[in-house]
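Chemist: Encoded as structure tokens, here's the structure I'll be asking about.
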Amino acid sequence: MKKERLKYLFAGMVALCVAGCSKEPAKEAEGQATAIRKDAVPEVQTIAVTPTVFAYDLVGNGKVEAGEYVDMRFTSSGGAVIDRILVRNGQQVSAGQTLAELDRFKLENALTTARNSLERSQLDLADALIGQGYDPEKMSEIPDEVMRLARLRSGVAQAEVQLREAERALSDATLRAPFAGVVANLSQKAGNTPDGSKAFCRIISTGGMNVKFSVLESELPLINVGDAVEVKPFSAETVYSGKVLSINPIVDSNGMVEVCATVNNTRGLYDGMNVRVNVKRNVEQAIVVPKSSVVLRSGGRKVVFTHENGKAIWNYVTTGLENMDEYVITDGLADGQEVIFTGNLNLAHESPVKVISSTNGKVSD
């Protein structure tokens with residue numbers, strides 16, 4: 001029995017020795033890995049900066065407006081109702097195309113009455129001239145003052161005015177498009193008297209659309225008439241090109257200035273549509289760096305690391321204009337310096353670094 005206990009005790013001691021020996025290599029390997037990690041040199045990518053053209057993006061929200069439109073209305077219906085409506089909202093129309101017509105019966109009768117009235121007045125005029133000893137067939141021989149008074153007394157002058165009004169009313173009974181465009185705001189119905197308080201419809205020109213948007217007063221020096229713009233509706237993925245047409249020289253109470261741009265390719269744009277506007281402006285001879293190269297340190301100061309002789313060098317910088325991908329550096333960097341733009345988040349001054357790639361010029365997207 002005693003021998004068996006000794007046997008089990010000896011086996012346990014052997015197992016403990018084997019386990020202890022197996023742990024030692026693991027600890028040693030872990031220590032070596034830690035040492036390797038501590039000695040690892042950060043890998044970075046660099047770009048050599050040089051004065052170049054900087055594409056400045058000024059982004060804002062805007063609203064589409066028709067470059068040209070006309071509110072069409074029946075100027076005077078004379079009591080006539082709408083007989084026919086030949087278009088619908090959203091329909092493309094050509095210049096001179098008929099949009100709608102009034103019932104012409106009353107208007108044609110009014111024109112006939114005006115003509116008859118004029119003929120009677122002309123007979124009265126001839127009688128008046130004969131009574132004064134003048135020949136109505138020789139109008140050129142009648143003194144101007146005599147003719148003027150005779151026309152007034154006979155009612156010819158008034159009858160001519162009434163005839164022109166009747167002719168105009170009949171002509172206005174037909175609405176025609178003043179130019180090629182799109183029909184909008186059509187709400188009136190056939191068989192009803194035109195509502196004189198509002199337009200029958202609006203014709204929006206298809207020749208071009210304007211986009212109005214606002215910029216900060218401080219951004220005015222960065223935008224000029226003729227600058228290229230990109231317009232993108234919130235409701236679609238299409239991007240339209242245009243240019244700045246005008247800048248309203250008034251700053252509102254919020255410190256904003258209204259800018260108007262024109263867009264030529266208008267298919268898919270509608271009056272009143274909300275859009276995103278991006279003004280493109282090139283700034284010459286600027287030191288430009290990728291945004292990823294600028295890091296913040298204590299106090300919120302901006303730092304850019306440059307590569308010199310295998311080390312990362314700390315540079316305080318001042319940034320100016322920016323776009324979606326880049327900063328303009330106004331102070332702190334010089335032409336030709338090798339800027340680190342990846343692997344720079346945990347660097348310190350004069351940290352050793354390993355450059356895995358170096359680029360001259362703009363970083364490719």
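The values are calculated or read from the model by the stated rules, or taken from the named source; none is laboratory data. Remember, it's a predicted structure, so these values are computed and weren't measured experimentally. When we count neighbours, we look across all protein chains shown, and the Cβ atoms used for this are built from the backbone with ideal geometry, even at glycine. Please note that ligands, DNA and RNA were not included when accessible areas were found on the heavy atoms of the full protein model with its side chains. Shrake-Rupley method; radii C 1.70, N 1.55, O 1.52, S 1.80 Å.
Chemist: Defining a contact as two alpha carbons under 8 Å apart and six or more residues distant in sequence, what relative contact order in percent does the stretch 238-365 show?
Modeler: 20 percent
Chemist: Please tell me which of these pairs span more than 31 angstrom C-alpha to C-alpha: Lys189/Lys243; Lys302/Lys354; Lys106/Lys189; Lys232/Lys302? Please report the intermediate quantities before stating the final value.
Modeler: Details: Lys189/Lys243 40 Å; Lys302/Lys354 23 Å; Lys106/Lys189 19 Å; Lys232/Lys302 33 Å.
Too far apart for the 31 Å limit: Lys189/Lys243; Lys232/Lys302.
Chemist: Quick one: Debye curve from the C-alpha atoms of the stretch 184-328, no solvent, what's log10 I(q)/I(0) at q = 0.11, 0.17, 0.19, 0.22 Å⁻¹?
Modeler: -0.66, -1.06, -1.15, -1.29
Chemist: Which value, in debye to the nearest 20, describes the size of the charge dipole of the stretch 130-174 about its Cα centre when Lys and Arg Cβ atoms bear +1, Asp and Glu Cβ atoms bear -1, and nothing else is charged?
Modeler: Details: 6 positive and 9 negative charges, 28 e Å.
Using only the charged Cβ atoms, the result is roughly 140 debye.
Chemist: With N denoting the number of residues in the stretch 284-339, provide Rg(C-alpha) divided by 2.2 N^0.38 Å, to two decimal places.
Modeler: Normalised Cα radius of gyration, the stretch 284-339: 1.08.
Chemist: Sticking with this structure for a sec: Step through the residues of the stretch 256-267 one at a time and calculate ³J(HN,Hα) from phi using the Karplus curve (6.51 cos²θ - 1.76 cosθ + 1.60, θ = phi - 60°), rounding each to whole Hz and writing x for Gly and Pro.
Modeler: 10, 10, 7, 10, 10, 10, 10, 10, 8, 7, 9, 4
Chemist: Would you kindly compute the Cα radius of gyration of the stretch 59-207 and its largest Cα-Cα separation (Dmax), both in Å?
Modeler: 22.7, 84
Chemist: Which loop-located GluC sites (Glu not before Pro) does the stretch 233-293 contain, where loop means any DSSP state but H, G, I, E or B and the Cβ has at most 14 other Cβ atoms within 10 Å?
Modeler: Within the stretch 233-293, the qualifying GluC sites (Glu not before Pro) (loop, at most 14 other Cβ atoms within 10 Å) are Glu237.
Chemist: Now a separate question. Around Gln97, which amide H atoms from residues at least 5 apart in sequence, or from another chain, sit under 5 Å from its own amide H, with H modelled in the peptide plane?
Modeler: Under 5 Å from the amide H of Gln97 lie the amide H atoms of Ala177, each far enough along the sequence or on another chain.
Chemist: Check which residues have an amide H placed less than 5 Å from Thr342's amide H, if you skip close sequence neighbours.
Modeler: When sequence neighbours closer than 5 places are left aside, the close amide H contacts are Gln45.
Chemist: Let me check against my output: what whole-number percent is the relative contact order of the stretch 160-214, with C-alpha pairs under 8 Å and at least 6 apart? If you can, show how the numbers build up before the last one.
Modeler: Numbers: 34 pairs, mean separation 18.8, N = 55.
Once normalised by length, the contact order is 34 percent.
Chemist: Could I ask something else about it? Output the relative contact order of the chain, whole-number percent, from Cα pairs under 8 angstrom with separation of 6+ residues.
Modeler: Averaging sequence separation for qualifying contacts and normalising by length gives 27 percent for the chain.
Chemist: Considering the values (1) 22.2, 71; (2) 22.8, 90; (3) 43.2, 172, which represents Rg and Dmax of the Cα atoms in Å as calculated for the structure under consideration?
Modeler: Computed from these coordinates, Rg and Dmax of the Cα atoms in Å corresponds to label (3).
Chemist: Gain in length, Glu43 to Asp127, computed as 0.36 nm per residue apart minus the alpha-carbon separation, to one decimal in nm?
Modeler: Full extension from Glu43 to Asp127 adds 18.9 nm.
Chemist: Same structure again: Could you give the size of the charge dipole of the chain about its Cα centre, using +1 on the Cβ of each K and R and -1 on the Cβ of each D and E, expressed in debye and rounded to the nearest 20?
Modeler: With only Lys, Arg, Asp and Glu charged at Cβ, the dipole is about 2280 debye.
Chemist: Sticking with this one: Just grab the label-to-label distance for Asp83 and Asp172, each label 7 Å out from Cα along the Cβ direction, in nm (one decimal).
Modeler: 1.8 nm
Chemist: With the crude spin-label approximation of a point 7 Å out along Cα→Cβ, what separation in nm comes out for Thr330 versus Glu258?
Modeler: Label-label distance for Thr330 and Glu258, simple model: 3.1 nm.
Chemist: Treating only the Cβ atoms of Lys and Arg (+1) and Asp and Glu (-1) as charged, compute the dipole magnitude of the stretch 168-215 about its Cα centre; round to the nearest 20 debye.
Modeler: Dipole about the Cα centre, nearest 20: 60 debye.
Chemist: Could you give the length gained by full extension between Thr318 and Ile247, i.e. 0.36 nm per residue of separation minus their alpha carbon distance, to one decimal place?
Modeler: 22.5 nm
Chemist: Another one. Which ³J(HN,Hα) values, rounded to whole Hz and listed in residue order, are derived for the stretch 126-131 from phi using the Karplus coefficients 6.51, -1.76 and 1.60 in 6.51 cos²θ - 1.76 cosθ + 1.60 with θ = phi - 60°, glycine and proline given as x?
Modeler: Each residue of the stretch 126-131 in turn: 4, 4, 5, 5, 5, x Hz.
Chemist: Provide the per residue accessible area, probe 1.4 Å, for the stretch 75-205, rounded to a whole number of square angstrom.
Modeler: 58 Å²
Chemist: On the full set of protein chains, 1.4 Å probe, figure out the accessible area of Lys243 and give it in Å² to the nearest 10.
Modeler: It works out to around 110 Å².
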